[in-house]
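What follows is a set of notes on a single structure, which appears directly below.
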Amino acid sequence: MAKSVARWAQQIWFPVGLGVILRLIQLQAPILGIHSWRQADTAAMARHFALEGTPIWLPQIDWSGASPGYVECEFPLYPYLLGQLYKLAGLHEWLGRGLSVLCSALTILLIIRIGRRLLDPISAWWGGVFFAVLPLGVYYGRTLQAEALLLLLAAMSIERLLVWKQRRSRWALLTSWLAFCLACLIKVLPLIWLGIPLLVVQMQPQPLGPALPLATLIRGLGKLARSPGPWLYAGSSILIGALWYGHAFQLGQTSDLSFGFWGNNSDRSSLSLLLDVNLWLNLLLRISVRNLAVLGVPIVIFGLWECRRNAGGQILAAGLLSMGACTAVFLRASSIHEYYQLPLLIFLCPLMGRGWHSLTKLIASKKLHDQWLININLALIVAISLTVLNFDYWALERRQTEIWMPLAQSIRKEVPSKARIVSVTGSDPSLLNLAQRQGWLTSAKSINQKQLQAWAAQGATHLVGSLNWEESFKPLTQGHARKNLQVLLCNQPNSTYCPQIPHQTYLVPIKELIR
């Protein structure tokens, strides 16, 4: 099998092709399902960049009320690029998914190249295969959000710095810096989880050589601290990031619209969270299932053990440790938003490839007749991954499409494009994005005559939502809020406004509800 894989290792089309095929499944699905609220904001920014022609430093969202909707956010590189695609080909959200697929396919190539420069060609090839099929990589390799682009930039930064270490190519170093800088603009956390392994790469004289003792690493860190290059690399990236986030802060202060980077509502950690054993166990379970398809856990551990004395293993382990530090600092966000664990795949997949390669070599050296066990384990990893993808992701997209798309299409047909609507979906902007309209977000319990009159005075024309759902993914439980909303909608002269089973959706002119 080793010889066969050695030949296949030269054929990178297989992991790339496999990854692309899996990511093309339901490519044209509307923006619904897991984390659709985050995707909806990204899609809204792209739509406004295309339709309004605004510059990249003025991102707009849909839940803006009567205002233009300029929002404090990360650097909107991904939605801006998508907006330019919209200008060329029209408003088709599959273009956004396609852009993510392209970024993810290129990341597979870079994962393989990183594995070759840190481990060996066969381990690298297997690492690419695992990145192609593991559930979290597949799903977020096709969502309409910046994560696929972020992983591409992170992998490019590592791979180009490894090339610079080998060849001293200035273009490779410049590309690595640019990718690192853009990654830190798109998200702040790459400063830690990407910056630390890049620093360890700098301290290694030979990435394919033996691992350095801790004392040698510390001395190397002191030497780097006296060199201007690393300070220029990191400092310039931090400065550019500070300039953007300073501008974003001012934008949020002016518009009063923000993704909540600052203040008490920001997703930070706390001592009580750090000591919450159940939270950590749930997080580890999620990583085991969605990042590693369960069976990948022992393979990664085996891979870590096999390359514990190698510089490449030291670099990949540094990436895992830096991701652990980020998780601890932003534990609340990490426990809620699973895509915070997505960068783990950059470091896990090469280790998983090394573990798999070492396992097959061990069986061959012992002349065991258990090759069928290896094949079964690989088939099980793929089966587990597809099962998780189907039931946790794709099926949810299909179910929510049946619920929300008919209402969104009715809004597009009946409500003028410049009209403002009130979406009764809590803090979830998915319906606003599906309808391609701006307006207000509210909950069922916030609806009363005074509020309806206030919305109407500001230009709101329709109230939209479903009696079954508080958000696009969260059911609306029976209670006073639901009952009062049903009475408001159904006790009208025109009974056609009363929500009908099975989905209980409604699209009602606000003027018909004001008494």
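Just order 273-281, 146-154, 354-362, 379-387 by mean Cβ neighbour count inside 10 Å, highest at the front, would you? The partial results should precede the final answer.
Details: 273-281: 11.9, 146-154: 26.3, 354-362: 21.0, 379-387: 16.8.
So the peptides 273-281, 146-154, 354-362, 379-387, ranked by packing, come out 146-154, 354-362, 379-387, 273-281.
Classify region 175-316 as rounded, prolate or oblate from the Cα gyration tensor: take a ≥ b ≥ c as the square roots of its eigenvalues, call it rounded if a/c is under 1.5, otherwise prolate when a/b beats b/c and oblate if not.
On the way: a/c = 2.31, a/b = 1.19, b/c = 1.94.
Here region 175-316 falls in the oblate category.
Sort HIS35, HIS462 so that the residue with the fewest other Cβ atoms within 10 Å of its own Cβ comes first and the one with the most comes last. Please list the in-between numbers first.
Working: HIS35 19, HIS462 24.
Sorted ascending by nearby Cβ count, the order is HIS35, HIS462.
Using a 7 Å offset from the Cα along the Cα-to-Cβ direction at both GLU414 and LEU281, what is the distance between the two label points in nm, to one decimal?
4.9 nm
At 0.36 nm per residue, minus the direct Cα-Cα distance, what do LEU380 and LEU102 gain on full extension? Give it in nm, one decimal, please.
97.4 nm
Would you please give the FRET efficiency between SER236 and LEU321, computed as 1/(1 + (r/R0)^6) with r the Cβ-Cβ distance and R0 = 22 Å, to the nearest 0.05? Each step should come with its number before you reach the end.
Details: r = 25 Å, r/R0 = 1.14.
Efficiency at R0 = 22 Å is approximately 0.30.
Give the cysteines in the chain for which no other Cys Cβ lies under 4.7 Å away, or write none if there are none.
So, CYS73, CYS103, CYS181, CYS184, CYS307, CYS326, CYS349.
Using 1/(1 + (r/R0)^6) with R0 = 22 angstrom and r between the beta carbons of THR254 and ALA66, what's the FRET efficiency to the nearest 0.05? Each step should come with its number before you reach the end.
Values: r = 15 Å, r/R0 = 0.69.
Efficiency computed from Cβ-Cβ geometry: 0.90.
How much mean residue ellipticity at 222 nm does the chain get from its helices, if each DSSP H run of length 4 or more adds -39500 (n - 2.57) and you divide by all residues, to the nearest 500 deg cm²/dmol?
Numbers: 24 runs with 320 residues, N = 515.
Calculated from helices alone, the mean residue ellipticity at 222 nm is -20000 deg cm²/dmol.
If you restrict to DSSP beta bridges whose two residues both lie in region 405-512, what percentage is antiparallel, to the nearest 5? List each step's numbers first, then the result.
Working: 7 of 16 bridges.
Antiparallel bridges: around 45 percent, rounded to the nearest 5.
Please report the orientation-averaged projected area of region 144-184, defined via the convex hull of its C-alpha atoms, in nm².
On the way: hull surface 9.9 nm².
Projected area, direction-averaged: 2.5 nm².
Taking H as built 1.01 Å from N, whose amide H comes closer than 5 Å to the amide H of TRP469, not counting residues under 5 places away?
LEU476
Only counting other Cβ atoms within 10 Å, I'd like TRP13, TRP440, TRP394, TRP404 sorted with the fewest neighbours first.
On the way: TRP13 9, TRP440 22, TRP394 18, TRP404 25.
If I rank by nearby Cβ atoms, fewest first, I get TRP13, TRP394, TRP440, TRP404.
I need the phi-derived Karplus couplings for region 341-353: 6.51 cos²θ - 1.76 cosθ + 1.60, θ = phi - 60°, integer Hz, Gly and Pro marked x.
With coefficients 6.51, -1.76 and 1.60, one gets 8, 4, x, 3, 4, 4, 9, 6, 5, x, 5, 5, x Hz.
Using 0.36 nm per residue, how much length does the chain from GLU402 to ILE56 gain when fully extended, once their Cα-Cα distance is taken away? Write down the numbers at each step before the final one.
On the way: separation 346, 0.36 × 346 = 124.56 nm, distance 3.42 nm.
Result for the pair: 121.1 nm of gain on full extension.
As an exercise, find the ratio Rg/Rh for region 5-70 from alpha-carbon atoms, using the Kirkwood inverse-distance average for Rh.
Numbers: Rg = 18.7 Å, Rh = 15.0 Å.
That ratio equals 1.25.
Could you give each residue of region 29-38 its phi-based ³J(HN,Hα) in whole Hz, using Karplus coefficients 6.51, -1.76, 1.60 with θ = phi - 60°, and x for Gly or Pro?
In residue order, the calculated couplings are 5, x, 7, 9, x, 4, 6, 5, 4, 6 Hz.
Find the Cα radius of gyration of the chain, compare it with 2.2 N^0.38 Å by division, and give the number to two decimals. Let's see the in-between values first.
Numbers: Rg = 25.0 Å, N = 515, 2.2 N^0.38 = 23.6 Å.
It is 1.06.
Measure nothing but the geometry: give the 0 to 90° angle between the long axis through the Cα atoms of 77-89 and the longest principal axis through the Cα atoms of the chain, rounded to 10°.
It is inclined by approximately 70 degrees.
Where in region 303-322 is the amide nitrogen less than 12 Å from a point lying 7 Å along the Cα-to-Cβ axis of LEU362?
Within reach of a label on LEU362: 303-307.
Share of antiparallel DSSP beta bridges in the chain, in percent to the nearest 5? It would help to have the intermediate numbers written out before the result.
Numbers: 9 of 19 bridges.
Taking every DSSP beta bridge with both residues in the chain, the antiparallel ones total about 45 percent.
Report the FRET efficiency, 1/(1 + (r/R0)^6), for LEU274 and LEU88, where r is their Cβ-Cβ distance and R0 is 56 Å, rounded to 0.05. Mind showing how you got there, number by number?
On the way: r = 48 Å, r/R0 = 0.85.
Once the sixth-power term is evaluated, E becomes 0.70.
Can you tell me the relative contact order of region 405-512? Whole percent, Cα pairs under 8 Å, sequence separation 6 or more. Could the numbers behind the result be given before it?
Working: 172 pairs, mean separation 30.0, N = 108.
28 percent.
Once the principal axes of the Cα atoms of region 405-512 are found, what is the range along each, listed largest first in whole angstroms?
Projected onto its principal axes, the Cα set of region 405-512 covers 34, 28, 25 Å.
For PHE249, PHE347, what's the fewest-to-most ordering of other Cβ within 10 Å of each Cβ?
Details: PHE249 14, PHE347 25.
If I rank by nearby Cβ atoms, fewest first, I get PHE249, PHE347.
Please list, in order along region 425-437, the HN-Hα scalar couplings obtained from phi with the Karplus expression 6.51 cos²θ - 1.76 cosθ + 1.60 (θ = phi - 60°), rounded to whole Hz, x for Gly and Pro.
10, x, 9, 9, x, 4, 5, 4, 5, 4, 7, 6, 9
Starting from 0.36 nm per residue, how many nanometres of slack lie between ASN484 and SER288 once their C-alpha separation is accounted for? Intermediate results must be reported in sequence, preceding the final value.
Working: separation 196, 0.36 × 196 = 70.56 nm, distance 4.37 nm.
Taking 0.36 nm per residue and subtracting the Cα distance, the gain is 66.2 nm.
Quick note: the coordinates plus some simple rules give every number you see, no bench work behind them. Note that the structure is predicted; figures quoted are calculated from it, not measured. Every residue, glycine as well, gets a Cβ built from its backbone with ideal geometry; the counts of neighbours run over all protein chains shown.
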